[in-house]
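The values are calculated or read from the model by the stated rules, or taken from the named source; none is laboratory data. All figures in this text were calculated on a predicted structure; none of them were measured in a lab. Cβ placement follows ideal geometry from the backbone for every residue including glycine, while neighbour counts extend to all protein chains displayed. We work out accessible area using only protein heavy atoms, side chains counted, and drop any ligands, DNA or RNA first. Shrake-Rupley method; radii C 1.70, N 1.55, O 1.52, S 1.80 Å.
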Amino acid sequence: MSRIEELLEALGLEAGSATFNTSIIILSVALILFTGFMMTRLTKLLKLPNVTAYIISGILIGPSILNLVPKSFIVGTDFLSDIALAFIAFSAGEFFKISNLKKAGFKVIIITLSESLLAFALVFLVSNFILHIDTSFSLVLAALSSATAPASTMMTIKQTNAKGDYVNTLLEVVALDDVVTLILYSLAIAICLGINNQGSSLDFKEVILPIIYNLICLAIGFAFGFILRFLLPQKRTNDNRLIIVIAVIFLFCGICSLFGQSPLLGCMAIGVVYTNQKDNSERLFKQVNYFTPPIMLLFFVRSGMNFDLRNFISTDMVSLGVPLVLVSIIYFFVRIIGKYGGAFLSCLGCKTDKKIRNYLGLGLIPQAGVAIGLAAMGSRIFADNGQVELGIALNTIILASSILYELIGPGCAKLGLYLSKSYSNNLDEVVEVSNIDHKQNEVDKLIAQINEIRKELPELVNDEEEAFTDAAEEEEIETGRNRMRDFINRRR
């Protein structure tokens, strides 16, 4: 029994009653939000990303340590994985612009395939042939290794205001990464289920049908993208735009859930269609990004609750035959080798700029959102097929390695941006002062440079804050119009 359940029983509430169950849900959500926020205060001092704080919070308040939140809540909120993945995928679609891909040509596609497939191949070979882990499990784990977390890299780019060919290539590769990951994941799950259902043989239909289902979801996602474009004309207010896009994403998630399919690829298609059809699409994506932080917090903290500390530190996991600590550490390093090596070799073959070739792999190291969400889905599929231990092992490995990746990922991304000279700490390179008198002393020159920077400061307002402010101002204007209309009507 969890601490929250013990508290409610001590207060005289009857276990199983409507009031008891409702109180558990509300108190659990409040505890998760509060704990996640408080942990970010600590990680902020250590200059670590919020995702790390959320996962650690989940581990602390979960069944493995403090046992504050009941397991019934964790099981009952399984839908959070689908919703969080849907929003992550929709936001990733913003960077999949056809115009940018045309400029880059096939180079970005080749780079993405190379770094994703090399990471996949190395993780599978090491897991299956060196660690002697089950083939189906090794395939799923290898498929997840191809995923990259765009949030940490994008956060670092925004903080440093980095620009240039390196940044453009990095963003395009990260956006395409998730497409490759879902395809590999779908194939791996299909083969895994086929092996489990057919024994040693593998039915061809068991592999093809899931791929067909995902292609159907992709087509439906494109259709939803055009529907979203139709539902959001220019005259639509900001608050109604947010309501409509959330409704569309939830509806698509519900349809995918009915047929047991991942919403990732389809939601990305919705974002791709919208961003390529609307000139001012950035505003909608900023609003969505402003709405999603509580959802992401709930998702990552809940993922941390699924982390089984006892199995992680135990000397052996029955289903794998290898300690999970060892698997997590090996997975961590092998994936980095695959990502960096694949990016370097493909850039070398495509004859890209030396700065991109040498440092692109550093921006591909972070891994969190997509991998954790797909691991949760994989865990659910393993459990449905009577392989609960394999599901627990998959979740534990991905969560443990994700914490490590989020510890070093932002630093590696920033190092790549710096070494590629995508941003600079040199004031002479940050701002150029026109009509400057080179005979003046250094103090006057510094003052002139500071004045030039001050002119650009209004552009540094946080995008989400700007979107929220605009929405508030629009609401205030609309309220004023209504009051004026009421006043005129009364005078009549």
- Cross-link pairs K44/K163; K44/K103; K47/K351; K102/K339; K354/K414; K71/K414 - those with Cα-Cα distance over 28 Å: K44/K103; K47/K351; K71/K414
- Per principal axis, largest first, the Cα atoms of the range 262-345 extend in Å by 55, 39, 20
- Note on the structure: Output ordering of 60-71, 78-89 (per-residue mean of other Cβ within 10 Å, highest first) is 78-89, 60-71
- Cα convex hull of the range 231-273, projected area averaged across orientations, nm²: 3.1 nm²
- Query: How would M377, M1 line up by accessible area, probe 1.4 Å, largest first?
  - Reply: M1, M377
- Query: If you wrap a convex hull around the C-alpha atoms of the range 323-381 and split its volume per residue, what is the figure in Å³?
  - Reply: 99 Å³
- Of the options I111, L66, S145, report the single residue whose Cα projects farthest towards the positive end of the charge dipole of the range 1-159 (beta-carbon charges: Lys, Arg +1; Asp, Glu -1). I111
- Message: Taking the full set of protein chains and a 1.4 angstrom probe, give the accessible area of I244 in square angstrom, rounded to the nearest 10.
- Response: 40 Å²
- Do me a favour and compute the ellipsoid semi-axes for the range 240-385 from its Cα gyration tensor, root of five times each eigenvalue, largest one first, whole Å. 32, 27, 14
- Query: Any idea of I255's accessible area? Nearest 10 Å², probe 1.4 Å.
  - Reply: 50 Å²
- Using only the alpha carbon atoms of the range 54-103, find the Kirkwood hydrodynamic radius as the inverse mean reciprocal pair distance, in angstroms to one decimal. 13.7 Å
- Debye, to nearest 20: dipole size of the range 82-157, +1 on Lys, Arg Cβ, -1 on Asp, Glu Cβ: 440 debye
- Query: On average over all directions, what projected area in square nanometres does the range 302-419 have, based on the convex hull of its Cα atoms?
  - Reply: 8.3 nm²
